[in-house]
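Below is one structure, written out as structure tokens, with a few remarks after it.
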Amino acid sequence: MKRILALLLVLAMLAAACGGSDDSADNATDAGDDTTDTTASTDDTAADSGDESDGDSEAAGDAATIEMWIAFSDDARLGFTRDRAADFNELHPEYNVVVTEFDSYNTVFEQAQLAIEDGNPPEIIHFFEAATQEALDAVDGDGNPIFKSVTEAIGDRTEILGEPVVLGDVVSAATKYYTIDGQLYSMPWNTSSTTMFSNMDILNEAGITEPPATWAEVEAACEAIMALPDAPSEGCITWPNHGWFYEQSLGQMGVDLVNNDNGRSGRATEIFLDSPEAIDYIQWWSDLENSGNYVYTGVQRDWDGTSAAFQAQNVAMLIYSSSDTTALTQAGVDNGFEVKSSFMPYNQDIAYEGNLIGGATLWLANGLSETEEDGALAFLNFFSNPENAAAWHQLTGYIPITNSAVALLEEEGWYNESPNSAVASDQLDAAADTPAATGALVGNFVAIRDVVTAAIEDVLVNDVDVAERMASAQAEAQQQLDDYNELFGE
Amino acid sequence: MSGSLQLVLSLIVGAAIGVLSYGYRTPRQAALGGALGVLGTGAISAALGFCMYAADAESTEGVLGIALGAAFAWMFGAGTRAVLNRPGEGSGVGGGGFGESQIRTGAYRLGWWWPWLLLSPTLIILVFFLYWPAFQTFRLSTKLTRLGAPRVGERCLANFSELLIPQPVLVATLPLVAVGLIWGIGLWQRRSNPDSVGYSVARILRPLGPLVLLLALYFIFEDVNGGYRRIYLNTVIISVGTVALSMAFGLGLAYLTFRRIRGVTVYRTLLIWPYAVSPPIAGILFFMIFNATGGVVAALSSRWGIDFPDYTQNASLARMTIVLASVWKLLGYNLLFFLAGLQTVPRDQIEAAALDGANAWQRFRTVVLPALGPISFFLLITNLTYSFFDVYGTIDFLTKGAPAGATSVAIYEIIRVGVDNGDLGRGAAQSVVLFLAVIALTAWQFNQSEGRINYGGA
Amino acid sequence: MAVRSRTREAVNNAGGLSLNVEGTGWFRGHSWPVHVALWLAMMVILFPMAYAALVATQTNAEVFRFQLTPGTGLADHFDQVWNDRNLGRYMWNSTVQAVLVTAAKTVLSLLAGLAFVYFKFRGKWIVFFFVLITLMMPTEVMILALFRFVSFLGWKDSMAALVVPFAASATGAFLFRQHFANLPRDLAEASQIDGASPFQFLFRILIPLSWNAIGALAVIQFVFVWNMYLWPVLIISDQQEQVIQVGLQGLQGIDTGLTFGPLMLAALLASIPPTLVFIALQKPFMSGFALGADK
């Protein structure tokens, strides 16, 4: 029965398509596309207005659904989000926040783009920092922006549906990164930085009392560690080959990744992948690998593999995201060694400028009804209220996102109890307020990071010349940026 | 070369190809073929807005433009011939094997619309859910476009030409030389006396042709960092390895389990079990076995003092691991089909051969293998499809294309470029390349098996 | 059982299709080397499955200790996988999808086979090629274009999106065409003389003679649908409607980092339905794919 129905539908479509193509005479292909878009968006408008009238006429009846898509599928972080949504739904029975999980930032990004194209995006979407420019630029078929600035949507309200607005209280590191044209387009949520985790048992055994702070100190420490009779089996240190670490290093050395003040005073049009500082960093990395100290797991963006090597005590040090501070500290407890977190090592020959943030923010869909928008905004502010933000930090290791959450944690004595948890916030607070230490805003960032990690992998695995390889990566990345600007630029 | 000159050249090539593909037995036929060729070339040129002849077109793009025109000329010529020719007159690709000769009587004589009514559900679904998206993919492949972008850029054939080396002369000549060689050897074989030395030499040389073509393609793909040559090489190695090993082992196991021994059903069922496992899960399983940190083999061998090599550090090992996981997953499927195929082996011939004193290997080679022809062909196609497409899930879990892109095959690159990086145009262009490769391979297979295998009955 | 299979054989013989009974005696010699070889093959081939079964019982710590005895996590894992992560729901969705796709493919392919074998029409060769070439047009390469079209139809998050695009099958049409062509011609002639319509001919004569081929097709299609991954990831975002392979993917990150136990347990559970289908349809499968060589 279903099949017959479906077939009838297809037949109907066939008829519709034939009718459609009759209208558009010349440019069959383009016109076809337009027809698709218009039809889809008309459907959508119809559906939306239907929703609205529902909400207005029987506000007391069905709860308005706020869909939220997030990129976390693990029990802890997904569970936290689900629990907060449940809390919110209890406080505001007129709303029903529904959380849908995806397994990575990339997946949620792709899915959101497809849903946007389909004309039916969720109300709240979780985008990582590298997607910021693309989210800002995204438009629907009629050229309207897909997302609405959270600052603009909140306006001068201090509370929404009884939930105090916390947007103005967001810590400076996140505000600095995500403020564009003087406003926060999205609501900062999980924010981290790159920190180093050291297995203090091994370090102490090698006569090292403090984790190394600079590149030179890392080399010295590794020499001592690898000289131990029971040196760690895989090597001394590891971190994932992810573009983020490269960007962090540029920030430390005060080098911009793109022009126009790292894309913050105007749209980035030129990229600088092969600056002398960048080459120094990759050369140092490659030398560390060639001397047997750095362990390359062989896979790009290998968060799982590097973390597993550290937890299994196969390496002594791990440079990682502070997002896993709690889990890594606990892993040390479970496996019987002391884990100490410290700043990401920097180049001692160049004045330190600052590390950047990483993580993701929550974007608000454009074109929502007032009821939906207020509900979504109320939830966003509730979700990061001091208690929730503090709990989130304690659960994961992402920095407490508001100043009042920091104050709350200090009051509780959390940082004395868990000194590792303070490192990321301290590192971000130590950063200068310069474009380089803020991080780049650039289109096609995912593809550009891909170019960087592929080049670095080539250096690590095939021992090609760093300067030459980065020069060709530079050309490739510039092409990616040019392509992006051709489509989105003014 | 100026644009208009290029257009004229393209049309001449089109006309020639049209004549060749349509036929040239009579002047009228040749003229029609030429016209069809010009029509085909002209049609595709017009559809693309003659962009490949634009004065600023890169030279490689120009070569591709001519090749594309030639391909359409061939499609128009051969297509028209296939439509006009009565079925069963040995038309086109696979005419013998897939012709209509076997149905001579027993056909219904009802209204002309009857067969169309029966076929309509299938055709409608294929048109809407396969041909239409395929057409869209072709269209996208000439664009620069991203989801959510306010504009679409025109790239003409640049998405394709950037996969190739920037030397148009080599791009044009290498494949032609290879095709010429294949054709020449075939001609030599046909023309020479089956008993002569020349015939035998030609027969020995014959398999060399496709190898030369593979090699020619290797050299026309771009080589600099991130170039497509690497992807091409990975795809060839991984798919050839997967198909060859899984078919060989599948046949071996089928041969072992095709007999009346105790517990044979249990053996079969257990051996076929991995077929029920999906490609991504196959990837995870092999990850858990071979991974350096979390893998059981590495851990156990280090307990015994053996330093087990880490497959992510070595290109050949990484490819081997992918092949191994794919073979493991495909084995059950092949076993299943070979078992079914073995049932068609004529028992009396086996017995006759045995009475003639043929040993097991001789019986296998002379009687069993030929009888397995149709099944082998079917499996070749499906295994190839697996190693081209389904292998994605396995790679995504085992290596993610590492080390340094040594296991990044065509489908992996398509998803990385088109989906992960959101570059729809380049992703579509690579899809078209892969699509053409599959079509070409299948057509070649049809050709090879034609005459030796008959898919019909008596 | 014996009687039934003999009847089937009789029908097959009556239809002119002489099948070699499996396990014929054309292999000579002792059987113990065969047993040894098969045992060796099984040990190699089943090792990943056996290890997966072991890991399914172990906590992550036990996995990393490479303990070779069953661990302590099985009950927890089952609870996580079945109750928290709703594996049953995903398996049910996949089962519905697989059954619908298989049924639709069978019906459509039977009709196509009927048209190809028992009718003469202009352009038949072209139509057949048109159908056959889709064997080489996998959805994967044009997945984005397909996504656009299917969401234009408004089928996102629906069973229709999982079924309709896959309802036609080149494999099926090809298979039934071969199968029908192998049947004796006088069947169709006799039925025409009796005045039966093509549909009556299909249902009364052809289908009863085609159960083997139908069963064979069902096995392949069931597994094909069951293992579908890329397409549902794109088209289904409502977790209630999601299919098994995507659900399995979500199990990778129950904890931060890979959690092997629950994932392996789920993978093993997920491999049960296709295996059952195969066991149930083994007999027809074996005979159904006996594509005959030219005699």
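The values are calculated or read from the model by the stated rules, or taken from the named source; none is laboratory data. Every value quoted in this text rests on a predicted model; they were computed, and no experiment measured them. Note that each Cβ is placed from the backbone with ideal geometry, even for glycine, and that neighbours are counted across all protein chains shown.
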Q. Assigned by TED's automatic domain parsing to the domain that holds C:Val246 and either under 16 Å from the mean Cα position of the chain (by Cα) or not in a helix (DSSP H, G or I) (or both), is that true of C:Arg204?
A. no
Q. Regarding C:Leu46, is this residue more than 24 Å from B:Asn291 (Cβ to Cβ) and either modelled with pLDDT under 55 or not in a loop (DSSP other than H, G, I, E, B) (or both)?
A. no
**Q.** Subset of the range C:109-167 (residues that are outside any helix (DSSP H, G or I), within 30 Å of B:Tyr412 (Cα to Cα) and facing chain B (nearest Cβ under 7 Å))
**A.** C:Met137, C:Pro138, C:Ala167
Q.
I'm trying to understand the selection: among the residues of the range A:89-110, which are assigned to a helix (DSSP H, G or I) and touching a strand residue (DSSP E or B) at 6+ places or on another chain (Cβ under 7 Å)?
A. A:Asn89, A:Tyr105, A:Val108, A:Phe109
Q: Go over the candidates B:Ala134, B:Ala178, B:Ala216 one by one and state the one that is surrounded by 18 or more Cβ atoms within 10 Å (Cβ to Cβ), closer than 30 Å to C:Ala181 by Cβ, within 22 Å of the chain's Cα centre (by Cα) and in contact (Cβ under 8 Å) with a residue 24 or more places away in the chain.
A: B:Ala134
Q.
Please go through the range A:435-449 and give me each residue that is within 14 Å of chain B (Cβ to nearest Cβ) and in a helix (DSSP H, G or I), ordered by number.
A. A:Phe445, A:Val446, A:Ala447, A:Ile448, A:Arg449
(Q) Return the residues of the range A:469-478 that are surrounded by fewer than 21 Cβ atoms within 10 Å (Cβ to Cβ) and either touching a residue at least 60 places away in the same chain (Cβ under 8 Å) or more than 9 Å from chain B (Cβ to nearest Cβ) (or both); say none if nothing qualifies. (A) A:Ala471, A:Gln474, A:Ala475, A:Gln478
(Q) Restricting to the range B:347-380, name every residue that is outside any helix (DSSP H, G or I) and either at the interface with chain C (Cβ under 9 Å from one of its Cβ atoms) or not hydrophobic (A, V, I, L, M, F, W, C) (or both). (A) B:Asp356, B:Gly357, B:Asn359, B:Leu372
Q: Go through A:Gly367, A:Gly375, A:Gly358 for me and flag whichever is more than 23 Å from the chain's Cα centre (by Cα), more than 14 Å from chain C (Cβ to nearest Cβ), within 27 Å of A:Ile124 (Cα to Cα) and crowded, with 22+ Cβ neighbours inside 10 Å.
A: A:Gly375
**Q.** Criterion violated by B:Thr122 - all others in (1) part of a helix (DSSP H, G or I); (2) surrounded by fewer than 22 Cβ atoms within 10 Å (Cβ to Cβ); (3) not hydrophobic (A, V, I, L, M, F, W, C) satisfied
**A.** (2)
Q: Scan the range C:185-201 residue by residue and report those that are in a helix (DSSP H, G or I) and acidic (Asp, Glu).
A: C:Asp186, C:Glu189
Q.
For the structure I just gave you, tell me whether A:Glu219 is modelled with pLDDT under 95 and charged (D, E, K, R).
A. no
Q.
Looking only at helices (runs of 4 or more DSSP H) that lie completely in the range B:238-346, which have at least 3 residues being in the same structural domain as B:Gly401 (by TED's automatic domain parsing) and surrounded by fewer than 21 Cβ atoms within 10 Å (Cβ to Cβ)?
A. B:264-272, B:296-303, B:315-342
Q: Looking only at the range C:153-163, decide whether some residue is closer than 24 Å to B:Ser278 by Cβ and among the aromatic types (Phe, Trp, Tyr).
A: yes
Q: Show the residue pairs that are 6+ apart or on different chains and have beta-carbon atoms under 9 Å apart, the first residue being within the range A:121-136 and assigned to a helix (DSSP H, G or I), the second being of a type in the set (D, E, K, R).
A: A:Ala130/A:Arg449; A:Gln133/A:Arg267; A:Glu134/B:Arg146
Q) Which condition number does B:Glu351 fail, the rest of (1) under 24 Å from A:Val451 (Cα atoms); (2) surrounded by fewer than 20 Cβ atoms within 10 Å (Cβ to Cβ) being met? A) (1)
Q.
Within the range A:88-101, does at least one residue satisfy the condition of being among the charged types (D, E, K, R) and within 14 Å of chain B (Cβ to nearest Cβ)?
A. no
Q.
Kindly evaluate B:Leu336 against the criterion of being of a type in the set (A, V, I, L, M), in contact (Cβ under 8 Å) with a residue 40 or more places away in the chain, out of contact with any Ser or Thr (no Cβ under 8 Å at 6 or more places or on another chain) and at the interface with another protein chain (Cβ under 9 Å from one of its Cβ atoms).
A. yes
Q: Considering (1) hydroxyl-bearing (Ser, Thr, Tyr); (2) under 20 Å from the mean Cα position of the chain (by Cα); (3) at pLDDT below 95, say which one A:Ser249 fails and leave the rest.
A: (3)
Q: Inspect the range C:93-104 for any residue being more than 9 Å from every other protein chain (Cβ to nearest Cβ) and outside any helix (DSSP H, G or I) and give the result as yes or no.
A: no
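Residue under question is A:Ala331, and the condition is that it be in contact with a His (Cβ under 8 Å, 6 or more places away or on another chain) and either crowded, with 20+ Cβ neighbours inside 10 Å or not in a loop (DSSP other than H, G, I, E, B) (or both); does it hold?
no
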Q. Restricting the search to the range C:168-184, which residues are part of a helix (DSSP H, G or I), more than 21 Å from the chain's Cα centre (by Cα) and either at the interface with chain B (Cβ under 8 Å from one of its Cβ atoms) or not aromatic (Phe, Trp, Tyr) (or both)?
A. C:Ala181, C:Asn182
Q: Return yes when C:Thr95 is modelled with pLDDT of 90 or more and in contact with a Pro (Cβ under 8 Å, 6 or more places away or on another chain) and no when it is not.
A: yes
(Q) Return the residues of the range B:381-422 that are over 16 Å from the mean Cα position of the chain (by Cα) and not in a helix (DSSP H, G or I); say none if nothing qualifies. (A) B:Thr399, B:Lys400, B:Gly401, B:Ala402, B:Pro403, B:Ala404, B:Gly405, B:Ala406, B:Thr407, B:Ser408, B:Asn421, B:Gly422
Q: For residues that are within 11 Å of chain B (Cβ to nearest Cβ) and surrounded by fewer than 21 Cβ atoms within 10 Å (Cβ to Cβ), tally how many sit in the range C:56-88.
A: 5
Q | Which numbered condition A:Asn199 fails, given (1) touching a helix residue (DSSP H, G or I) at 6+ places or on another chain (Cβ under 6 Å); (2) crowded, with 23+ Cβ neighbours inside 10 Å; (3) over 20 Å from A:Val446 (Cα atoms) | A | (1)
Q. Going through the range A:164-183 one residue at a time, which ones are part of a strand (DSSP E or B) and at pLDDT below 95?
A. A:Thr179, A:Ile180, A:Gln183
